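Inspection log for the structure reproduced underneath, given as structure tokens.
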Amino acid sequence: MPKKFLIIRFSSIGDIIQCMTVVDGIKNHYPDAEIHWIARKDMSSFLAMDDRITKIWGFDRTAGFKGLWKQAKELKKEKFDYIFDAHSNIRSIVLKTVLVPRWKRWFGIGPNYALRSKDRIKRILLFKFRIDKYPMPFRGMLSFRKPLLKWGISDFSINKTDWYFPEELKQKINSNILNFKDKDDLKLITLVPSAAWPMKRWPIGHWQKLVLNLPDYKFMILAGPDDLFCKEIEEIAPDRVLNLMGKTNLLESCYLVQKSHLVISGDTGFLHAADKFGIKALSLMGPTAFGFTSGEQIKTLEVDLKCRPCTKDGSGKCSQDVYQKCMVDISPEWVTKEALEII
């Protein structure tokens with residue numbers, strides 16, 4: 001009988017994409033494995049890119065814990081052989097309580113269980129007391145793989161290239177958006193100027209200067225509907241900047257990343273998508289600790305400041321006299337030089 005796995009990772013975009021690397025390991029070890037994944041419904045659509053995932057369970061946040069408990073009972077009927085809690089939050093604890101009760105774990109009954117620890121003590125030591133016990137740079141993709149070693153899963157070498165995107169999506173993007181790059185024979189650079197927290201965003205003026213520094217290139221901006229500041233970047237060269245702010249969903253944006261010549265981004269989910277797809281990228285790494293990529297095709301630009309990293313996700317306050325100094329000091333000229341060398 002094929003082994004049956006459940007991966008629990010509800011969010012965020014970047015973490016889900018980094019966690020997708022465990023599918024490689026499972027399939028290397030158990031080629032016939034049946035893999036299920038539960039994620040937040042609004043985050044689950046792009047998991048369909050990997051057609052090796054047998055079933056995606058979308059959790060509706062509006063259903064609350066009552067809905068989660070009900071979904072846990074449905075999951076229990078699947079009789080999983082292996083359960084990987086890659087999130088370690090209250091919701092995943094609810095699932096664990098139903099799927100792998102503590103008494104069963106004590107007696108070794110039921111599914112095999114693995115947990116990705118958030119190393120909360122190490123986080124407190126780093127962000128409160130500046131005592132760094134992490135391997136730096138910390139690469140999240142590797143941290144998702146580590147818990148599976150207990151199951152003998154250690155080979156994550158599959159290099160998947162046949163990502164699944166619906167034909168109607170490809171037709172829409174190819175006809176309405178990607179034809180932009182074919183005009184004038186100019187190469188297209190993808191910019192990801194937004195991030196969940198403002199402190200890890202490269203300054204708007206730097207993005208504008210980058211566009212002006214590269215007059216022989218076109219640019220495509222990937223951003224959400226609320227990222228209104230992207231209009232300021234578009235206005236610097238409207239004939240060469242395609243602003244897709246709020247115009248593409250997660251799956252469409254991932255497809256655009258896969259079709260990019262080069263991605264320039266801060267610590268974002270789409271940077272990790274480029275990492276997963278093997279797309280060349282420049283990573284503008286500022287205050288965060290856990291956003292470093294693994295692929296050799298991605299170059300990280302960062303400045304050496306004693307206060308870095310100051311936060312796990314970009315929230316909090318800047319301690320420098322120059323606000324966001326770790327991002328400000330990554331100059332447009334530096335990024336321009338690196339981009340030209342890569343392209």
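The values are calculated or read from the model by the stated rules, or taken from the named source; none is laboratory data. Bear in mind the structure is a predicted one, so any value in this text is a computation, not a measurement. For neighbour counting, all protein chains shown are included, and Cβ atoms are generated from backbone atoms with ideal geometry for every residue, glycine included. Please note that ligands, DNA and RNA were not included when accessible areas were found on the heavy atoms of the full protein model with its side chains. Shrake-Rupley method; radii C 1.70, N 1.55, O 1.52, S 1.80 Å.
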For this session: Return only the number of the condition from (1) open to solvent by less than 20 Å² (accessible area, probe 1.4 Å); (2) out of contact with any Cys (no Cβ under 6 Å at 6 or more places or on another chain); (3) without any contact (Cβ under 8 Å) to a residue 24 or more places away in the chain; (4) farther than 17 Å from Ala196 by Cα that Ser283 does not satisfy.
Result: (4)
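Just a yes or no: is a residue in the stretch 29-47 open to solvent by 10 Å² or more (accessible area, probe 1.4 Å), under 18 Å from Asp162 (Cβ atoms), touching a residue at least 40 places away in the same chain (Cβ under 8 Å) and not hydroxyl-bearing (Ser, Thr, Tyr)?
Within the stretch 29-47 (the criterion being open to solvent by 10 Å² or more (accessible area, probe 1.4 Å), under 18 Å from Asp162 (Cβ atoms), touching a residue at least 40 places away in the same chain (Cβ under 8 Å) and not hydroxyl-bearing (Ser, Thr, Tyr)), the answer is no, since none of the residues qualifies.
Out of Val322, Val303, Val241, which single residue is in contact with a helix residue (DSSP H, G or I) (Cβ under 7 Å, 6 or more places away or on another chain) and without any contact (Cβ under 8 Å) to a residue 12 or more places away in the chain? Before the answer, list the steps.
Working: Val303 fails: without any contact (Cβ under 8 Å) to a residue 12 or more places away in the chain; Val241 fails: without any contact (Cβ under 8 Å) to a residue 12 or more places away in the chain.
The match here is Val322.
Looking at Lys187, is it basic (Lys, Arg) and under 18 Å from the mean Cα position of the chain (by Cα)?
Working: basic (Lys, Arg): yes; under 18 Å from the mean Cα position of the chain (by Cα): no.
No, not satisfied.
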Exercise. Right, Ala223: touching a residue at least 24 places away in the same chain (Cβ under 8 Å) and in contact with a Gly (Cβ under 8 Å, 6 or more places away or on another chain) or not?
Worked result: yes
For this session: List the number of the failed condition for Asp155; all other conditions in (1) modelled with pLDDT of 90 or more; (2) open to solvent by 90 Å² or more (accessible area, probe 1.4 Å); (3) not in a helix (DSSP H, G or I) hold.
Result: (2)
Exercise. Any chance the stretch 291-300 includes a residue that's open to solvent by 10 Å² or more (accessible area, probe 1.4 Å), assigned to a loop (DSSP other than H, G, I, E, B), under 28 Å from Asp216 (Cα atoms) and charged (D, E, K, R)?
Worked result: yes
For this session: Please enumerate the residues belonging to the stretch 321-343 that are within 14 Å of Pro203 (Cβ to Cβ), surrounded by fewer than 15 Cβ atoms within 10 Å (Cβ to Cβ) and of a type in the set (Val, Ile, Thr).
Result: Val322
Problem set entry | Yes/no for Cys318 being part of a loop (DSSP other than H, G, I, E, B) and either open to solvent by 60 Å² or more (accessible area, probe 1.4 Å) or more than 20 Å from Ile204 (Cα to Cα) (or both) | no
Problem set entry | Selection count, the stretch 19-50, where residues are more than 21 Å from Leu142 (Cα to Cα), within 18 Å of the chain's Cα centre (by Cα) and acidic (Asp, Glu) | 1
Exercise. Among the numbered criteria (1) out of contact with any His (no Cβ under 8 Å at 6 or more places or on another chain); (2) over 21 Å from Asn249 (Cα atoms); (3) at pLDDT 95 or above, which single criterion is violated by Ala39?
Worked result: (2)
For this session: Select, from Thr288, Thr336, the only residue that is closer than 14 Å to Met199 by Cβ and among the polar types (S, T, N, Q).
Result: Thr288
Exercise. If you take the residues in the stretch 135-152 that are surrounded by fewer than 18 Cβ atoms within 10 Å (Cβ to Cβ) and not in a helix (DSSP H, G or I), which one is modelled with the highest pLDDT?
Worked result: Gly152
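Pull up the stretch 66-88, narrow it to residues that are free of Cβ contacts under 8 Å to residues at least 60 places away in the same chain and in contact with a helix residue (DSSP H, G or I) (Cβ under 6 Å, 6 or more places away or on another chain), then point me to the one that is surrounded by the fewest Cβ atoms within 10 Å (Cβ to Cβ).
Residue satisfying both the conditions and the ranking: Lys76.
Residues in the stretch 21-59 that are outside any helix (DSSP H, G or I), touching an Asp or Glu at 6+ places or on another chain (Cβ under 6 Å) and farther than 21 Å from Lys79 by Cα: how many?
The number of residues fulfilling the criteria is 0.
When you scan the stretch 94-115, how many residues do you find that are part of a helix (DSSP H, G or I) and exposed (fewer than 13 other Cβ atoms within 10 Å of the Cβ)? Working first, answer last.
Taking the stretch 94-115 as the starting set, the residues that turn out to be part of a helix (DSSP H, G or I) are 94-99, 102-106.
Among the residues that remain, those that are also exposed (fewer than 13 other Cβ atoms within 10 Å of the Cβ) are: 97, 102-103, 106.
Number of matching residues: 4.
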Seminar exercise, completed: Only one of (1) open to solvent by 30 Å² or more (accessible area, probe 1.4 Å); (2) assigned to a helix (DSSP H, G or I); (3) under 20 Å from Arg9 (Cα atoms) does not apply to Glu168, and that is (3)
